[in-house]
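Worksheet for the structure shown next.
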Amino acid sequence: MEDKNDTILYDDNDINRAARCLKAMSHPLRLKILCVLGNNSISVQDIVEQVGTSQSNISQHLAILRDKGILDYKKEANRVYYFIDDERVIHLIQMMRSVFCGT
């Protein structure tokens, strides 16, 4: 029998946010974008060069990540820079690198 003090209550809002983030991150290209970003702010053109696909394809995936609240952006002159807007996501990316890449 489980002791009621051992029961962990989870906030449904946190669970739902985590599920949305994980679902958005589960696409290989979006995960690669997040790994490229890490804790940096990178221009769309630099993301395109590092990920290795078309700008229109990258822009579609950036829009999905932005829509899910994972990314934010800033404009400087004629460039748009994206960054991960949630420290928890940065931490998750670092943990995945450690687990899957040994870095």
Rel. contact order, % - alpha carbon contacts under 8 angstrom, at least six apart, the chain: 26 percent
Length released on extending from Met95 to Leu22, taking residue separation times 0.36 nm less the Cα-Cα span: 24.9 nm
Residue-span extension gain [Cys35 to Lys74] - 0.36 nm each, minus C-alpha spacing: 12.2 nm
Estimated dipole of the chain in Debye, rounded to 20 [Cβ of Lys and Arg +1, of Asp and Glu -1, Cα centre]: 500 debye
For the chain: span of alpha carbons on each principal axis (Å, largest first): 60, 30, 20
Stretchable slack from Ala63 to Ile42, in nm (0.36 nm times residue separation minus alpha-carbon distance): 6.1 nm
Size of electric dipole in the range 61-103: Cβ of Lys, Arg +1 and of Asp, Glu -1, about Cα centre, debye, nearest 20: 120 debye
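No lab work stands behind these numbers, since they all come straight from the coordinates. Since the model is a prediction, treat every value here as computed from it, not as a measurement. FYI the Cβ positions are ideal-geometry reconstructions off the backbone, even for glycines, and counts take in every protein chain you see.
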